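Visitor: Here's a structure for you.
The values are calculated or read from the model by the stated rules, or taken from the named source; none is laboratory data. As the structure is a computational prediction, the values presented were derived from the model and not from experiment. Neighbour counts run over all protein chains shown; Cβ positions are idealised from the backbone, glycine included. Heavy atoms of the whole protein, side chains included, go into the accessibility calculation; ligands, DNA and RNA do not. Shrake-Rupley method; radii C 1.70, N 1.55, O 1.52, S 1.80 Å.
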Amino acid sequence: MRREPSILHLDLDAFFAAVEQRDKPSLRGRPVVVGGTGGRGVVATASYEARAFGARSAMPTAEARRLCPPGTAFLGGRFAAYRRTSDVVMALLRELSPLVEPVSIDEAYVDLAAGGHDLSVAGLTALATDLKERLREATGGVTGSVGIGTSKSLAKIGSELRKPDGLTVVPAGTELEVLHPLPVRALGGVGPVTAERLAQIKVKTVGDLHRLSLVDLTSLVGQANGAGLYRLARADDDRPVVADREAKSVSAEETFARDVTDPARLAAEVDALATRVGVRLQRSGTSGRTVTLKVRRYDFSTLTRSQTLTHALDDPRQIAEVAHRLLAAVDRSGGLRLLGVGVSGLSPYAQGDLFATETAPVVEPVTDEPDVEPVPLDPQPGPAVRAWYPGQDVVHPDLGAGWVWGSGLNRVTVRFEGPRTTPGPVRTLAADDPALQPGDPPDWAP
């Protein structure tokens, strides 16, 4: 570890939802869920208002709909808007240091030692406070939580402690005081399955984990994961900040305490791993064409199977479908000790990959205005109707810029407003109205 807390981690708060609330004033203070809006969609981000009802990332959208109250906005993704905002944030971070490591579209590490800053607790607190204020101003109100520590793991944990809009500086020498009271899930590499396995032996906090020997830990969760957790529980993390790191693949794996032969259990594990991979791809704004399954059998032999598709994907359900097919071709009769799912052949997001959508019925917007004017359906057959997705930016020559609330039955409901307007009027138009066209993300700058 470093002798001074010189690694900063910034994590933007409910980023996708925050951008939507910034650009859509009628949604500010209301529950917003961003992700796949179809029957098989997955939540990418839920606003803090939606989280209060139990909505969370990686949850099936159908489940989030059951949990959230009427009036919750379920929106597809607008990656261009998220990327523009992310670029502004990353530029601010590069003003602090030449060593900035973006982890995803909404988080990054910064090596402050390379920027020549005052690394006292007071100096770091002032630096982070100024950064948060400049970030809010430059992005039109998006907030981020900052953690600063002597290692990457401590900085990331610090950014999670006081979300949203939080700030935590972990002074050198206090790492274990901060770590040990935290639940084991606070450590990277501890997912629900590992946490449940640890809870069975009454290991619930990082302090409990610290008391386990390396031998006991590796026998419980596997050699690689056990060794990593053993170090993290002791605040032992010397990973450097690597500027402009480019991921070649995204993967997740789970080591089992006992060999698993039950097909239902293995299928559930594949689903969970695919969800972890898909959400990471969505958050980083990438998709991939090759899905890989990794298995370690009862005799410790390890093999991989992969399939390269004609199109890139990042939808957890689609990743799981391919992984299930690959698993079906593997001999599992003796049991599996490890299971992993990965996606490679990564490329930047292309519209249609990030969020799975389906044609949805018009959802009545929450509004006090008596100006919704439905357009009657044309009973005559005509050309194919343009598909609209909830949250999509649109523009109309007379009504101006707005966004799609919902569509279906040859209609599209639009609220005409933007980040610098008051909540705007709602109109229901024919879905094939030639005057209504897809628009660009609105400009939030004052």
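Visitor: Please give the per residue accessible area of the stretch 213-328, computed with a probe of 1.4 Å over protein heavy atoms only, in Å².
Guide: Here the residues of the stretch 213-328 average 50 Å² of exposed surface.
Visitor: Still on this structure: Go through 273-283, 83-93 and give me the packing order, highest mean Cβ count within 10 Å leading.
Guide: In descending order of packing, they fall as 273-283, 83-93.
Visitor: Further, regarding this structure: For the stretch 171-254, state which GluC sites (Glu not before Pro) are in a DSSP loop and have at most 10 other beta carbons lying within 10 Å of their beta carbon.
Guide: Answer in residue order: GLU246.
Visitor: Something else about it: Provide the packing ranking of 126-138, 311-323, 95-107, 386-398, i.e. peptides ordered by the mean count of other C-beta atoms within 10 Å per residue, highest first.
Guide: 311-323, 95-107, 386-398, 126-138
Visitor: Let me ask another. Could I have the simple spin-label model distance between ALA62 and ASN410, label points 7 Å from Cα toward Cβ, reported in nm to one decimal?
Guide: Roughly 3.0 nm, to one decimal.
Visitor: For THR125 and LYS248, FRET efficiency with R0 = 35 Å and r from the beta-carbon atoms, rounded to 0.05?
Guide: E between LYS248 and THR125, to the nearest 0.05, is 0.40.
Visitor: Using a Förster distance of 45 Å, how high is the FRET efficiency between THR302 and SER213, based on the Cβ-Cβ distance and rounded to 0.05?
Guide: Once rounded, the FRET efficiency stands at 0.95.
Visitor: Near VAL110, within a Cβ-to-Cβ distance under 9 Å, what is the net charge of the other residues, with Lys and Arg +1 and Asp and Glu -1?
Guide: -1
Visitor: While we're looking at this one, here's another question. Suppose we keep just the alpha-carbon trace of the stretch 196-331; what are its Rg and Dmax in angstrom?
Guide: 16.9, 49
Visitor: Can you give me the % of accessible surface on the chain that is carbon or sulfur? Probe 1.4 Å, all protein chains present, nothing else counted.
Guide: The computed percentage sits at 53.
Visitor: Another one. Kirkwood Rh and Cα-based Rg: tell me the resulting Rg over Rh for the chain, rounded to two decimals.
Guide: 1.00
Visitor: Give me the accessible area per residue for the stretch 37-162, probe 1.4 Å, as a whole number in Å².
Guide: With the other protein chains kept in place, the stretch 37-162 gives 36 Å² per residue.
Visitor: Within 10 Å, count the other beta carbons around each residue, average over each peptide in 182-195, 218-231, and list them highest first.
Guide: 218-231, 182-195
Visitor: Kyte-Doolittle mean at least 0.0 and Cα extent at least 27 Å along the axis: which DSSP H helices of the chain qualify?
Guide: 263-284
Visitor: Can I ask one more? Give the lysines whose C-alpha is closer than 24 Å to that of LYS156, dropping any in the same chain fewer than 8 places away, or say none.
Guide: The reachable lysines, counting only those whose Cα sits under 24 Å from LYS156, are LYS132, LYS204, LYS248.
Visitor: Hey, another quick one. At 10 °C and 1.306 mPa s, grab the translational diffusion coefficient of the stretch 65-190 from Stokes-Einstein with a Kirkwood Rh over Cα pairs, rounded to a whole number in µm² per second.
Guide: My calculation gives 98 µm²/s for D.
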